[in-house]
Amino acid sequence: MNYQAVIFDLDGVICHTDNYHYQAWKQMADREGIYFDESINSRLRGVSRMASLEIILERAQRTYTAAEKEALAAEKNEIYRQLLMNMSPADLSQDVAATLRQLKDAGVKIAIGSSSRNAKTILRQIGIFDWFDAISDGENITRSKPDPEVFVKAAGILGLAPSACLVVEDADAGIRAAHDGGFHSAGMGDACGNDEATYSIIAFHELSDIVLGKRMQNGPVTE
Ligand code: G6P
Ligand code: MG
């Protein structure tokens with residue numbers, strides 16, 4: 001099937017800021033004496049900052065007030081933003097850059113669908129802010145993934161129906177959001193092999209064949 005647009009998650013799909021999120025939460029959690037590891041971190045993929053904090057606080061020894069939670073989230077974001085300042089166009093992989101160019105050259109629209117409030121900063125740091133036809137991020141949504149809102153808004157900006165767009169995600173929460181919003185999806189990284197994803201990919205460039213209609217979806221072909 002051909003798609004008129006691709007909506008990309010950002011962290012863990014376009015670039016590896018997922019690791020910076022981990023480092024920043026880890027510093028905050030260590031200082032608070034809260035146990036935190038990579039497997040808890042995987043549950044934070046696609047989840048908003050405050051909802052992520054709630055997941056981390058499941059392992060806390062005490063309860064935190066709303067004001068304390070705000071302070072912890074702000075502390076994490078400060079550390080995270082410092083890490084982002086080290087990013088440059090060198091953090092955009094050849095595979096991602098070449099695939100995005102190929103899609104654009106083929107007339108396919110490209111968009112961002114990210115829960116992050118730092119999405120635009122990241123896109124500017126890696127030099128591709130103006131490549132996208134639509135950016136839907138943590139600043140224009142009220143419900144984070146697995147709610148489909150961020151993708152529905154991206155499709156709305158593009159003026160396309162969900163069925164015309166492919167969502168690319170590394171988070172199970174994001175694949176669920178795509179599914180519930182009526183989008184086909186490609187799962188990669190942590191979400192590679194997710195049963196609800198239409199396709200599973202290992203390498204980013206596999207998207208070209210999928211989007212341009214040269215590859216069938218996983219499992220029995222239904223259309
Ligand atoms: C992405 C990441 C999440 C992160 C969320 C909010 O979806 O996968 O791990 O919590 O964005 O990011 P922010 O930059 O707004 O804290
Ligand atoms: Mg992600």
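The values are calculated or read from the model by the stated rules, or taken from the named source; none is laboratory data. Note that this is a predicted model, so its numbers are computed, not measured. Backbone-built Cβ (ideal geometry, glycine too); neighbour counts: all protein chains shown.
For this structure, a couple of remarks:
- Of all residues in the range 116-147 being of a type in the set (S, T, N, Q) and modelled with pLDDT of 95 or more, the one that is farthest from GLY181 (Cα to Cα): GLN125
Residue by residue, here is whether (1) among the aromatic types (Phe, Trp, Tyr); (2) without any contact (Cβ under 8 Å) to a residue 12 or more places away in the chain; (3) away from ligand 2 (no atom under 14 Å from the Cβ) holds:
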position	(1), (2), (3)
ALA119	no, no, no
ASP133	no, no, yes
ASP137	no, no, no
CYS165	no, no, yes
ALA171	no, no, no
HIS184	no, no, yes
GLY193	no, yes, yes
GLU196	no, no, yes
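- Helices (runs of 4 or more DSSP H) completely within the range 1-116 that count 3 or more residues being away from ligand 2 (no atom under 16 Å from the Cβ) and loosely packed, with under 15 Cβ neighbours inside 10 Å: 66-84, 94-105
- Matching residues in the range 45-104 - criterion: being among the basic types (Lys, Arg) and either away from ligand 1 (no atom under 16 Å from the Cβ) or free of Cβ contacts under 8 Å to residues at least 24 places away in the same chain (or both): ARG59, ARG62, LYS69, ARG101, LYS104
- Condition met for TYR20 (closer than 26 Å to PHE129 by Cα, among the hydroxyl-bearing types (Ser, Thr, Tyr) and within 12 Å of ligand 1 (Cβ to nearest atom)): yes
- Just one residue in the set GLY193, GLY181, GLY156, GLY127 is out of contact with any helix residue (DSSP H, G or I) (no Cβ under 7 Å at 6 or more places or on another chain), farther than 18 Å from ASN218 by Cα and not acidic (Asp, Glu); that residue is GLY156.
- Qualifying positions in the range 117-127 - within 16 Å of ligand 1 (Cβ to nearest atom) and not in a helix (DSSP H, G or I): ARG117, ASN118, ILE126
- Selection count, the range 147-188, where residues are over 11 Å from the mean Cα position of the chain (by Cα) and either more than 23 Å from ILE40 (Cβ to Cβ) or surrounded by fewer than 20 Cβ atoms within 10 Å (Cβ to Cβ) (or both): 27
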